[in-house]
Amino acid sequence: MKNYVIGLDYGTDSVRAVLIDTANGQEIASEVHWYKRWMENKYCDASINQFRQHPLDHMEGLEHTVKTVMQQSKVNPEDVKGICIDTTGSSPVPISKDGTPLALVEGFSENPNAMMVLWKDHTAIREAELINELGATWGGENFTKYVGGIYSSEWFWAKIAHVIAEDEEVRNSAYTWMEHCDLMTYLLVQDKDLKSFKRSRCAAGHKAMWHESWGGLPPKEFLGKLHPYLADLRDNLYEKTYTSDEVAGTLSEEWATKLGLTTDTVVAVGTFDAHSGAVGAKIDQHALVRVMGTSTCDIMVATDKEIAGNTIKGICGQVNGSVIPGFVGLEAGQSAFGDVLAWFKDVLAWPIDNLVMTSGILTDEQKDKLQNEIDSNFIKLLSDQAEKVPLSESIPTALDWINGRRTPDADQNLKSAISNLSLGTKAPHIFKALIHAICFGSKKIAERFQDEGVQIDSVIGIGGVARKSPYIMQTLANVMNMPIKVAASDQAPALGAAIYAAVASGLYSNVVEASSHMGSEFEAEYHPQKETVDTYRQLMDSYNELGAFIENSIKNKQKE
């Protein structure tokens, strides 16, 4: 008798569900749902880095995708043994005392502060700075030491501190907060007791300064110095955390009916998309897995012996049991990767959107056809032309900090810059410079791990950029001077979530065993082109010089 599990992967723009055969990892069915309100740009203001999402987008997507894969596959619901959800993070959501997302409570349905605060929301820069200052000066334990020594505006406490300082109504009504992966898991399970609900180790350790050495979350004495609400909030959060191979509960009757499953279906503890993506790509020791999408997350696992009690500076956390239980999960990343290239596309598309597409000369049908043709060819043509620009030409130098810097050494105040422009600089030259920038940012992350004593023997790329852009992947291999394998799965994070679900359901004894049977194979491998390595090293020197100049300029301006 065959057994199946479902992995749900919540990305920035959409959620996808995959139904997986647990014997071999074969994808039986899949479905994607694009967030309706997000696509309408509701609750967001890019000018102040505010990015919020309505929980209804996620709930509607959950129901649609799972119901669809069950209908497509015609699999017996009783044969679906488990389900696991991965999400972006840190993306906290305010929750009322009865466990309802605050945006679903009357009076808050259109309030951005009652929404999920998306990972890329950087409105909490000041609050993050206060956390870092307090950690270093309050006289007790520095609770940032296991998250690289720098707390980020992208993370749990900073975002909550910003929202509750800005919105008294939300502060008075938000009984507790949940990471997105915890919320979606909580909604599914039968037992709705907030206090006993199993929170994600990945989310708590990497984003909320949870660590076993100080008994869980930072104490009320510390949090209260940031804001009295945060001290009170700690009582309504959690002490213990759980890894994603564990059972959070079973499907409630309500959601079993909605999804076409049974109440015997096990729901695993939630996780982050990058962590499950690494599992889906068969992560192993000394392998750096790059989850490459709008941003990147760079994931590694190490033994306690290898870490030897050291704390790795400037990364996004080192957490016992995250990624693979029994190992220390290490996370780093770039705040923008694909977003850098998407930004440039939007800049170039301005005259098309505002002149061509508003012209009365073209019919609506012609505009639609033209828009589809442009969307299909824009990035591909730019990539093809950029690839043809020889490295010997005068190529601009760019920084990848279009959305701040995640690692190494988080600083969301930083901005991007481009230098070495001339009258001979064309769009493909700038595009090539931006590709160089995202690859140089990747190299900086690898160098930090290596400088801190973490060995890297191989690199694995997963995600849309890894599979769709040979030019970017070859450039990355040249810059990193290391072979890069590309996972064959289109849905590595969802596949990884399914692997966790298989373990939680008792079909495998541990994540390593399940991953070996169910994880993705590799479809391509890029090797450094030795004749280019020295040139890229010189170009990266220019990147480092520009980065140092911009960073010093911004810091000096802040001091004025």
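Could you grab the pairs with beta carbons closer than 8 Å, sequence gap of 6+ or different chains, first residue in the range 121-145 and over 16 Å from Glu221 (Cβ atoms), second one of a type in the set (Asp, Glu)?
Going by the 8 Å Cβ cut-off, the qualifying pairs are Asp121/Glu154; His122/Glu154.
Determine whether the range 61-73 contains at least one residue that is in contact (Cβ under 8 Å) with a residue 12 or more places away in the chain and not in a helix (DSSP H, G or I).
no
Please indicate, with yes or no, whether at least one residue in the range 153-161 is within 28 Å of Ala501 (Cα to Cα) and not charged (D, E, K, R).
Yes, the range 153-161 has at least one match.
Quick check, is Met178 closer than 22 Å to Leu56 by Cα, assigned to a strand (DSSP E or B) and in contact (Cβ under 8 Å) with a residue 40 or more places away in the chain? Walk me through how you get there before you give the answer.
Numbers: closer than 22 Å to Leu56 by Cα: yes; assigned to a strand (DSSP E or B): yes; in contact (Cβ under 8 Å) with a residue 40 or more places away in the chain: yes.
In short, yes.
Can you run down the residue pairs with Cβ atoms below 7 Å, 6 or more apart or on separate chains, where the first is in the range 517-545 and free of Cβ contacts under 8 Å to residues at least 24 places away in the same chain and within 19 Å of Gly461 (Cβ to Cβ) and the partner is buried (at least 16 other Cβ atoms within 10 Å of the Cβ) and charged (D, E, K, R)?
Cβ pairs passing all conditions: none.
If you go through the range 451-459 one residue at a time, do you hit one that is closer than 16 Å to Val533 by Cα and either more than 20 Å from the chain's Cα centre (by Cα) or buried (at least 22 other Cβ atoms within 10 Å of the Cβ) (or both)?
Within the range 451-459, not a single residue is closer than 16 Å to Val533 by Cα and either more than 20 Å from the chain's Cα centre (by Cα) or buried (at least 22 other Cβ atoms within 10 Å of the Cβ) (or both).
Among the residues of the range 492-515, which ones are of a type in the set (S, T, N, Q) and assigned to a helix (DSSP H, G or I)?
Listed by number, the list holds a single entry, Ser515.
Of the residues Glu551, Glu523, Glu560, Glu531, which is surrounded by 14 or more Cβ atoms within 10 Å (Cβ to Cβ), farther than 24 Å from Phe327 by Cα and charged (D, E, K, R)?
Numbers: Glu523 fails: surrounded by 14 or more Cβ atoms within 10 Å (Cβ to Cβ); Glu560 fails: surrounded by 14 or more Cβ atoms within 10 Å (Cβ to Cβ); Glu531 fails: surrounded by 14 or more Cβ atoms within 10 Å (Cβ to Cβ).
Only one candidate qualifies: Glu551.
Determine which member of the set Leu217, Leu223, Leu288 is buried (at least 22 other Cβ atoms within 10 Å of the Cβ) and not assigned by TED's automatic domain parsing to the domain that holds Leu62. Walk me through it before giving the result.
On the way: Leu217 fails: not assigned by TED's automatic domain parsing to the domain that holds Leu62; Leu223 fails: not assigned by TED's automatic domain parsing to the domain that holds Leu62.
Result: Leu288 is the single residue among Leu217, Leu223, Leu288 that is buried (at least 22 other Cβ atoms within 10 Å of the Cβ) and not assigned by TED's automatic domain parsing to the domain that holds Leu62.
Go through the range 158-172 and report how many residues are out of contact with any helix residue (DSSP H, G or I) (no Cβ under 6 Å at 6 or more places or on another chain) and among the hydrophobic types (A, V, I, L, M, F, W, C).
Adding up the residues that qualify gives 2.
With respect to the numbered conditions (1) assigned to a strand (DSSP E or B); (2) under 13 Å from Ala158 (Cβ atoms), which one is the sole condition not fulfilled by Ile83?
(2)
Where in the range 207-325 are the strands (runs of 3 or more DSSP E), entirely inside, with at least 1 residues that are under 18 Å from the mean Cα position of the chain (by Cα)?
It comes to 287-292, 296-302, 318-320.
Mind checking which residues of the range 220-240 are of a type outside the set (A, V, I, L, M, F, W, C), touching a residue at least 60 places away in the same chain (Cβ under 8 Å) and within 28 Å of Val328 (Cβ to Cβ)?
Across the range 220-240, the qualifying residue is only Glu221.
Just give me the residues in the range 323-380 being buried (at least 23 other Cβ atoms within 10 Å of the Cβ) and charged (D, E, K, R), in sequence order.
If the condition is that a residue be buried (at least 23 other Cβ atoms within 10 Å of the Cβ) and charged (D, E, K, R), then Glu331 is the only one that fits.
So Asp193 passes all but one of these: (1) under 19 Å from Phe108 (Cβ atoms); (2) acidic (Asp, Glu); (3) without any contact (Cβ under 8 Å) to a residue 40 or more places away in the chain. Which condition number does it fail?
Of everything listed in (1) under 19 Å from Phe108 (Cβ atoms); (2) acidic (Asp, Glu); (3) without any contact (Cβ under 8 Å) to a residue 40 or more places away in the chain, Asp193 misses just condition (1).
Mind listing whichever residues of the range 11-50 are in a loop (DSSP other than H, G, I, E, B) and more than 22 Å from Thr185 (Cα to Cα)?
Residues of the range 11-50 that are in a loop (DSSP other than H, G, I, E, B), as a first pass: 11-13, 22-26, 35, 40-44, 49.
Within the range 11-50, Ala23, Asn24, Gly25, Gln26, Glu40, Asn41, Lys42, Tyr43, Cys44, Asn49 qualify.
Return only the number of the condition from (1) of a type in the set (Val, Ile, Thr); (2) assigned to a helix (DSSP H, G or I); (3) within 19 Å of Leu546 (Cβ to Cβ) that Val465 does not satisfy.
Of everything listed in (1) of a type in the set (Val, Ile, Thr); (2) assigned to a helix (DSSP H, G or I); (3) within 19 Å of Leu546 (Cβ to Cβ), Val465 misses just condition (3).
Does Thr185 satisfy the criteria of being in contact with a helix residue (DSSP H, G or I) (Cβ under 8 Å, 6 or more places away or on another chain) and of a type in the set (Val, Ile, Thr)?
no
Quick one: which residue in Ser90, Ser73, Ser14 is under 20 Å from the mean Cα position of the chain (by Cα), surrounded by fewer than 19 Cβ atoms within 10 Å (Cβ to Cβ), in the same structural domain as Phe272 (by TED's automatic domain parsing) and among the hydroxyl-bearing types (Ser, Thr, Tyr)?
Of the residues listed, the single one that is under 20 Å from the mean Cα position of the chain (by Cα), surrounded by fewer than 19 Cβ atoms within 10 Å (Cβ to Cβ), in the same structural domain as Phe272 (by TED's automatic domain parsing) and among the hydroxyl-bearing types (Ser, Thr, Tyr) is Ser14.
Can you tell me which of Ser442, Ser489 is in contact (Cβ under 8 Å) with a residue 24 or more places away in the chain, in a loop (DSSP other than H, G, I, E, B) and not charged (D, E, K, R)?
When all the criteria are applied, what remains is Ser489.
The values are calculated or read from the model by the stated rules, or taken from the named source; none is laboratory data. As the structure is a computational prediction, the values presented were derived from the model and not from experiment. Glycine gets a Cβ as well: all are built from the backbone with ideal geometry, and neighbour counts include every protein chain shown.
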